[in-house]
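Engineer: The structure's right below; bear with me while I get my questions together.
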Amino acid sequence: METGTALLIIVGVLALLGVAILVFVFSNYNALIQIKHNVDQAWSNIDVLLKQRHDELPKLVEVCRQYQKFEQETLERVMRARQSVQQARERQDLGALGAAEGQLRAGLGGLFAVVENYPELRTDERYRQLEARITSLEEAIADRREFYNAAVNINNVRMEQFPTSILSGMARMRSRRLLQFSEAETRDVNLRELFN
């Protein structure tokens with residue numbers, strides 16, 4: 001009887017261990033899926049804002065272009081950067097997107113600085129509305145980028161933690177890249193350069 005009881009205890013312990021492993025696998029897999037979808041959702045939020053800004057920039061350029069004396073090079077720089085952002089966004093190439101965003105923001109900064117030389121343009125109602133809309137979108141993109149990078153960080157840390165790393169490797173889940181802007185984008189603005 002003692003051998004039978006010991007065998008039942010061993011079988012019971014093994015069954016409990018098996019159930020614990022299954023609970024661990026399922027709960028961690030489901031958590032990884034949730035985290036992955038949080039990253040996708042955070043990216044979608046940025047993508048929507050990038051599309052909205054993409055649609056607004058030609059309107060701003062057109063309003064500026066109506067002022068015959070306005071500097072064409074500045075407008076062309078903004079439109080080239082806009083196209084680079086669009087291409088990187090469509091490919092979801094975060095490295096290229098970060099660089100293109102830096103170019104676009106520099107182009108917009110230059111555009112807004114040049115507008116200071118055109119008082120009649122500065123007071124144009126359409127220009128003011130578009131400037132406010134684009135500025136608002138820029139702030140929203142910065143906020144969403146913060147949420148996206150936080151979601152990516154949670155994803156990447158979770159995938160690297162042991163023993164979840166084994167499960168994520170078996171499920172072929174991948175780490176994600178942070179959305180980072182160029183060094184030029186994050187350093188302080190030199191106001192003298194903008195107005196010279």
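Engineer: Taking only segment 115-145 into account, find how many residues are touching a helix residue (DSSP H, G or I) at 6+ places or on another chain (Cβ under 9 Å), in contact (Cβ under 8 Å) with a residue 24 or more places away in the chain and of a type outside the set (Ser, Thr, Tyr).
Structural biologist: Of the residues in segment 115-145, 15 are touching a helix residue (DSSP H, G or I) at 6+ places or on another chain (Cβ under 9 Å), in contact (Cβ under 8 Å) with a residue 24 or more places away in the chain and of a type outside the set (Ser, Thr, Tyr).
Engineer: Look at residue 112 and say whether it is without any contact (Cβ under 8 Å) to a residue 24 or more places away in the chain, outside any loop (DSSP other than H, G, I, E, B), surrounded by fewer than 17 Cβ atoms within 10 Å (Cβ to Cβ) and in contact with a helix residue (DSSP H, G or I) (Cβ under 8 Å, 6 or more places away or on another chain). Working first, answer last.
Structural biologist: On the way: without any contact (Cβ under 8 Å) to a residue 24 or more places away in the chain: yes; outside any loop (DSSP other than H, G, I, E, B): yes; surrounded by fewer than 17 Cβ atoms within 10 Å (Cβ to Cβ): yes; in contact with a helix residue (DSSP H, G or I) (Cβ under 8 Å, 6 or more places away or on another chain): yes.
Yes; evaluated as a whole, the condition is true for this residue.
Engineer: Out of 102, 107, 95, I need the residue that is in a helix (DSSP H, G or I), free of Cβ contacts under 8 Å to residues at least 40 places away in the same chain and within 25 Å of residue 179 (Cβ to Cβ). Which one? Break it down stepwise before answering.
Structural biologist: Values: 102 fails: free of Cβ contacts under 8 Å to residues at least 40 places away in the same chain; 95 fails: free of Cβ contacts under 8 Å to residues at least 40 places away in the same chain.
After applying the criteria, what remains is 107.
Engineer: Let me ask you something else. Listed residues 86, 129; which is within 18 Å of the chain's Cα centre (by Cα), of a type outside the set (Gly, Ala, Ser) and in a helix (DSSP H, G or I)?
Structural biologist: Working: 129 fails: within 18 Å of the chain's Cα centre (by Cα).
Answer to the check: 86.
Engineer: Here is a follow-up. Quick check on this structure: which one of 41, 52 is within 16 Å of residue 149 (Cα to Cα) and either touching a residue at least 40 places away in the same chain (Cβ under 8 Å) or polar (S, T, N, Q) (or both)?
Structural biologist: Values: 52 fails: within 16 Å of residue 149 (Cα to Cα).
Of 41, 52, the one residue that is within 16 Å of residue 149 (Cα to Cα) and either touching a residue at least 40 places away in the same chain (Cβ under 8 Å) or polar (S, T, N, Q) (or both) is 41.
Values quoted throughout were computed directly from the atomic coordinates according to the rules given, and no laboratory measurement underlies them. These numbers come from a predicted model, not from an experiment. All Cβ positions, glycine included, derive from the backbone under ideal geometry; neighbour counts span all protein chains shown.
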